[in-house]
Protein chains: 2
Amino acid sequence: MTYKLTYFNFAGLGEPIRYLLSYLDIDFEDNRIDYEKWPSIKHTIPYGKVPILEIDGKVLNQSLAICRYLAKKANLAGSDDWESLLIDIAVDNFNDFAQNIKAYWFDTNEESKAAKYVTLVNETIPYYMEKFENIVAENNGYFVNGKLSWADLFIVSVMDFLIHKSNIDLLKDHPNLQGLREKVLAVPKIKSWVEKHQ
Amino acid sequence: MTYKLTYFNFAGLGEPIRYLLSYLDIDFEDNRIDYEKWPSIKHTIPYGKVPILEIDGKVLNQSLAICRYLAKKANLAGSDDWESLLIDIAVDNFNDFAQNIKAYWFDTNEESKAAKYVTLVNETIPYYMEKFENIVAENNGYFVNGKLSWADLFIVSVMDFLIHKSNIDLLKDHPNLQGLREKVLAVPKIKSWVEKHQ
């Protein structure tokens, strides 16, 4: 089978897919679009959004759906329906949090952007990060049931990107999340992927 | 087992869960919060968002994750991983579309709200609705593989709510989507649920 991932030349929503493909030891074409060329490419992409993954030429969009599919192949999507549910909930809650940071990034109005930053730093980030820290503390160092799942890979990958782009140290005073990050980045296949692409 | 759904007294993101619980013939407490009382309740809800579903007292949030879990019990979540993937993609694409309409509703600035309306009616709605119409045409009257899945239940339920709230007839000139809506609303358990709660 052939796998071709099309995304920009940064981590973002492409990186969790790259993590999962690497974890699965799947050879894939890592097609990275120049951000400047995006306007001329956008109309050729279904729904005009990346990442897309082509499997044997079949074009798939929606990064969470793609991650969930790959995670099933990697046995990282839960051992029963209830565990899969808890993983999906963790991912969607983290994604809600990430949306807040993205709404700040993409705000082009300086005034409302500044207001969003204040709310982010004083309310949204402490609110969510404390919850995530507690979940990992209660689940023996992972997001769900004390074992590695695609929620951990997804969240660590996107969290690193959020930290990098926002310059806010989300992990400060959150030892359990720091520990989870170290564990995910120490998974051999993830480690070698990250080392090759930093 | 006891099921308690907490949401507002309207369709919104609660209705797909009500559809699935009805489809499964599960007796559930349909706890509807007065919108005016929400500010005093919000802090008692995990992540401050509804719907939440309590199963035997275990509190679950994230409507898509909950729908997917219930859909598995109803055999509406795909017969293999690939079909499940296509269902997830359909739901997430529809959800992206719905976000555009919600961004318009929730815009409190009259000027930017009016601009959003123009883009919605002239660009976003035709763009997405044509794609959805074609998908249903190509899949023998359903979103995925010519058979009923939770993508159909979710999309019909949320589409009806969007039409109701926006007063824009999204289904105009889309006979395949109209046909899908009729089929979903004719499913006996959905039909009797809707008849009881209109």
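Hey, any hits in region B:160-182 for a residue that's among the basic types (Lys, Arg), over 30 Å from B:Glu29 (Cβ atoms), free of Cβ contacts under 8 Å to residues at least 24 places away in the same chain and surrounded by 13 or more Cβ atoms within 10 Å (Cβ to Cβ)?
To start, the set of residues in region B:160-182 that are among the basic types (Lys, Arg) comprises B:165, B:172, B:181.
With the extra rule that they be over 30 Å from B:Glu29 (Cβ atoms), the set shrinks to B:172.
Next, only the ones that are free of Cβ contacts under 8 Å to residues at least 24 places away in the same chain stay: B:172.
When the remaining residues are screened for being surrounded by 13 or more Cβ atoms within 10 Å (Cβ to Cβ), the result is none.
No; the residues of region B:160-182 include none that is among the basic types (Lys, Arg), over 30 Å from B:Glu29 (Cβ atoms), free of Cβ contacts under 8 Å to residues at least 24 places away in the same chain and surrounded by 13 or more Cβ atoms within 10 Å (Cβ to Cβ).
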(request) For residues that are surrounded by fewer than 20 Cβ atoms within 10 Å (Cβ to Cβ), at the interface with chain A (Cβ under 9 Å from one of its Cβ atoms) and farther than 13 Å from B:Ile155 by Cα, tally how many sit in region B:61-98. (result) 4
(request) Check B:Lys113 against each of (1) more than 12 Å from chain A (Cβ to nearest Cβ); (2) among the charged types (D, E, K, R); (3) within 21 Å of B:Asn176 (Cα to Cα) and name the one condition it does not meet. (result) (3)
(message) All but one of (1) open to solvent by 30 Å² or more (accessible area, probe 1.4 Å); (2) touching a residue at least 40 places away in the same chain (Cβ under 8 Å) hold for B:Phe106; state the number of the condition that does not hold.
(response) (2)
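If you take the residues in region B:27-52 that are within 19 Å of A:Lys131 (Cα to Cα) and open to solvent by less than 30 Å² (accessible area, probe 1.4 Å), which one is nearest to the other protein chains (Cβ to nearest Cβ)?
In this case the residue turns out to be B:Tyr47.
Determine, yes or no, whether A:Ala114 is of a type in the set (A, V, I, L, M, F, W, C), in contact (Cβ under 8 Å) with a residue 12 or more places away in the chain and farther than 27 Å from B:Tyr69 by Cβ.
Working: of a type in the set (A, V, I, L, M, F, W, C): yes; in contact (Cβ under 8 Å) with a residue 12 or more places away in the chain: no; farther than 27 Å from B:Tyr69 by Cβ: yes.
Judged against the criteria, A:Ala114 is not a match.
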(request) Just one of (1) within 29 Å of B:Lys131 (Cβ to Cβ); (2) within 10 Å of chain B (Cβ to nearest Cβ); (3) within 15 Å of the chain's Cα centre (by Cα) trips up A:Ile55, so point out which. (result) (3)
(message) Let me spell it out: the conditions are (1) open to solvent by less than 30 Å² (accessible area, probe 1.4 Å); (2) touching a residue at least 12 places away in the same chain (Cβ under 8 Å); (3) within 14 Å of chain B (Cβ to nearest Cβ), and A:Asn145 meets all of them except one. Which number is the exception?
(response) (1)
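Identify all residues within region A:166-193 that are part of a helix (DSSP H, G or I) and at pLDDT below 95; write none if there are none. Talk me through it step by step, then tell me what you get.
Within region A:166-193, the subset part of a helix (DSSP H, G or I) is A:166, A:175-186, A:188-193.
Once the filter is applied, which keeps residues that are part of a helix (DSSP H, G or I) and at pLDDT below 95, region A:166-193 yields only A:Ser166.
Could you tell me whether any residue of region B:11-25 is more than 10 Å from every other protein chain (Cβ to nearest Cβ) and more than 17 Å from B:Ile155 (Cα to Cα)?
yes
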(message) So A:Lys37 passes all but one of these: (1) within 14 Å of the chain's Cα centre (by Cα); (2) farther than 30 Å from A:Gly146 by Cβ. Which condition number does it fail?
(response) (1)
(message) Against the condition open to solvent by less than 40 Å² (accessible area, probe 1.4 Å) and touching a residue at least 60 places away in the same chain (Cβ under 8 Å), how does B:Leu20 come out, does it pass?
(response) yes
(message) One residue is enough: does region A:97-109 have a residue meeting the conditions touching a strand residue (DSSP E or B) at 6+ places or on another chain (Cβ under 9 Å) and on the phi < 0 side of the Ramachandran plot?
(response) no
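From the list A:Ile135, A:Ile168, exactly one residue is under 21 Å from B:Leu53 (Cβ atoms) and β-branched (Val, Ile, Thr). Which is it?
A:Ile135
The values are calculated or read from the model by the stated rules, or taken from the named source; none is laboratory data. All figures in this text were calculated on a predicted structure; none of them were measured in a lab. Ideal geometry is used to build each Cβ from the backbone, glycine not excepted, and the neighbour counts take in all protein chains shown. SASA here: full protein model, heavy atoms, side chains in, ligands and nucleic acids out. Shrake-Rupley method; radii C 1.70, N 1.55, O 1.52, S 1.80 Å.
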